[in-house]
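Report on the structure given below.
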Amino acid sequence: MLARTEEIMREVCADFEAELMQFNGAQDLVHLLVRYPPTVQLSKLVNSLKGVSSRRLRQEYDSHVRHHLWDGHFWSGSYFAGSCDGPPRTLVKQYIENQQHPA
C-alpha cells in the first residue's frame, strides 16, 4: 500500500507541475520532498495529495483501511511543511531515505 501511495502522490504532483523528489513512510505517516513552482499554493497541493490518495486507497484497500481510520478520516487534518534549498535539501532527502518502512 505504501508503494501505491507513492504512485498516487507522484501523479498528483505531476498535475500541479510539481516533482515528488523523495518519498518514504510508516504505518501512520508519510514524508515527502516536493519541488513545486511558486505559482502553486502549498495548502491546495497538500489538500489534493491527501484527498486523492485517501479516495483511491479507500477504493483499492477498503477492507484493510477501514480498521485504521482516525474518526472516519484516512489522514490527520494537520501537516508540517518546511522549505529548503542547496545543502539542506540533501539532508532532508537523506532523512526521508533513512526512515523505517513498516513491517
Handout entry: Inter-label distance for A14 and R56, nm, one decimal - labels placed 7 Å from Cα along Cα-to-Cβ
Key = 0.9 nm
Completion exercise
For the range 1-48, averaging the sequence separation of alpha carbon pairs under 8 Å that lie six or more residues apart and dividing by its residue count, the contact order in percent is 30 percent
Handout entry: Net charge of neighbours whose Cβ lies under 15 Å from the Cβ of V12, counting Lys and Arg as +1 and Asp and Glu as -1
Key = +1
Fill in the blank from the handout: the chain, Gaussian network, Cα under 10 Å: of R35, R56, R89, the residue fluctuating most is R89
Exercise for the section: For the range 1-102, state what percent of all Cα-Cα pairs lands in each successive 10 Å bin, counting from 0 Å until the bin that includes the largest distance. Expected result: 14, 48, 32, 6, 0
Exercise for the section: Over the chain, calculate the relative contact order: mean separation of alpha carbon pairs under 8 Å at least 6 apart, over the residue count, as a percent. Expected result: 33 percent
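Only the coordinates and a few stated rules stand behind these numbers; no lab work does. All values derive from a computational prediction rather than experimental measurement. Don't worry about glycine lacking a Cβ; one is built from the backbone with ideal geometry, like all the others, and counts go over all protein chains shown.
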